[in-house]
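Down below is the structure, laid out as structure tokens.
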Amino acid sequence: MRKPIVVGNWKMNKTPEEAVQLVAELKPLVAGIEAVEIGICPPFVCLTEASKLLKGTNIGLGAQNMYWEPEGAYTGEISAEMLVTSGCRYVILGHSERRAYFGETNATVHKRLEAALQSGLSPIVCVGETLEQREAGKAEEVVADHLRGAYEGISATDAQKTVIAYEPVWAIGTGLTATPDQAQEMHAFIRKILTELYGDSVAEGVRIQYGGSMKPGNAKELLAQKDIDGGLIGGAALQAESFTGIIKGAL
Ligand code: 13P
């Protein structure tokens with residue numbers, strides 16, 4: 001049985017002060033929920049404060065990106081070790097916004113994935129097609145390419161420690177959600193690729209989140225699908241009530 005995992009990706013939202021407020025609101029709302037793994041990924045500058053507030057709670061902390069080198073002259077970058085020592089358990093890698101606006105490629109996602117695993121972080125690897133790619137009938141090809149590119153050379157033991165987030169780009173922040181059938185179809189395809197790469201037992205164990213306009217109103221139906229094991233939540237994670245509503249949809 002895969003334990004559902006719901007993670008909030010705050011993107012470039014919330015100052016440290018606002019983050020403290022949101023964490024304070026969220027903690028009591030989700031206290032006692034053990035059947036769902038819960039995480040939040042605030043901006044880098046909020047991590048230290050958030051980490052203090054999350055100690056001893058059922059909410060794990062994560063970051064939205066990292067660089068693969070351990071240290072050095074890489075102005076503006078953050079290492080895996082910095083995240084670990086700031087209290088992070090998760091790191092989101094290869095989000096479509098990073099691919100679209102910051103030049104990330106399968107090759108750079110792969111380097112980040114290797115470095116994150118070496119540092120003991122649980123990477124959340126994002127894959128997903130654009131609307132243009134879907135309409136051209138290339139959705140599966142693109143997702144397979146994202147997966148093969150990221151996981152090339154990653155061992156089965158390490159692959160088991162990762163989470164995959166299927167985020168169709170056309171559903172992110174648009175209010176357009178993939179239908180449960182559309183999402184399930186792609187999640188099953190992702191699991192098929194994992195089987196090809198690592199065999200049945202790894203493929204059955206890796207959790208695959210859906211992301212893209214997930215809300216309390218549509219979460220339950222999406223999360224009820226056989227191969228949907230959680231959500232990576234953008235907009236709806238910026239309010240404690242709506243994020244909690246989605247988490248409860250996974251119970
Ligand atoms: P929205 O939930 O705002 O569509 O964003 C999804 C996402 O990109 C999470 O990483």
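The values are calculated or read from the model by the stated rules, or taken from the named source; none is laboratory data. For clarity, every value in this text was computed on a predicted model and none was experimentally measured. A quick note on method: Cβ atoms are made from the backbone with ideal geometry, for glycine too, and the neighbour counts reach across all protein chains shown. For the accessible areas, the whole protein counts, side chains as well, though only heavy atoms, and no ligand, DNA or RNA atoms are used. Shrake-Rupley method; radii C 1.70, N 1.55, O 1.52, S 1.80 Å.
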Long-range HN-HN contacts of S79 with modeled amide H, under 5 Å: Y67
statement: The orientation-averaged projected area of the Cα convex hull of the stretch 139-189, in nm², is 4.1
field: Inter-label distance, nm, simple model (7 Å from Cα along the C-beta direction), E18/E141
entry: 4.1
- request: Over the stretch 105-177, calculate the relative contact order: mean separation of alpha carbon pairs under 8 Å at least 6 apart, over the residue count, as a percent.
  value: 43
- request: Round to the nearest 0.05 the FRET efficiency obtained for V45 and A100 when R0 = 25 Å and r is the Cβ-Cβ distance.
  value: 0.60
query: Rounded if a/c is under 1.5, else prolate if a/b is larger than b/c, else oblate: which is the stretch 85-139, with a ≥ b ≥ c the root eigenvalues of its Cα gyration tensor?
result: prolate
statement: Regression test value, accessible area per residue of the chain, probe 1.4 Å, units Å², expected 45
Value at 222 nm in deg cm²/dmol, rounded to 500, when DSSP H runs of n ≥ 4 in the chain each add -39,500 (n - 2.57): -13000 deg cm²/dmol
field: Heavy-atom accessible surface of the chain: percent carbon and sulfur, 1.4 Å
entry: 52
task: With a point put 7 Å past each Cα toward its Cβ, work out how far A73 is from T157 in nm, to one decimal.
output: 3.7
- request: Mind jotting down the three principal axis lengths of the stretch 11-166 based on Cα atoms? Whole angstrom, largest first.
  value: 45, 38, 32
message: Under 8 Å for C-alpha pairs, at least 6 residues apart: give me the relative contact order for the stretch 83-144, rounded to a whole percent.
response: 37
task: Equivalent ellipsoid semi-axes for the stretch 153-251, as square roots of 5 times the alpha carbon gyration tensor eigenvalues: give them largest first, rounded to whole Å.
output: 25, 13, 12
Neighbourhood net charge (10 Å Cβ-Cβ; Lys/Arg +1, Asp/Glu -1) for L194: -1
- request: Calculate, in nm to one decimal, what E185 and K111 gain on full extension: separation in residues at 0.36 nm each, minus their alpha carbon distance.
  value: 23.8 nm
query: Arranged from highest to lowest average of other beta-carbon atoms within 10 Å per residue, in what order do the peptides 129-136, 229-236 appear?
result: 229-236, 129-136
statement: Length-normalised contact order of the chain, Cα under 8 Å, at least 6 apart, in percent, tallies to 21
message: Working only with C-alpha atoms, what are the Rg and Dmax values of the stretch 108-204, expressed in angstrom?
response: 13.6, 39
task: Provide, for the chain, the number of lysine pairs with alpha carbons under 21 Å apart, each pair being eight or more places apart or on different chains.
output: 27
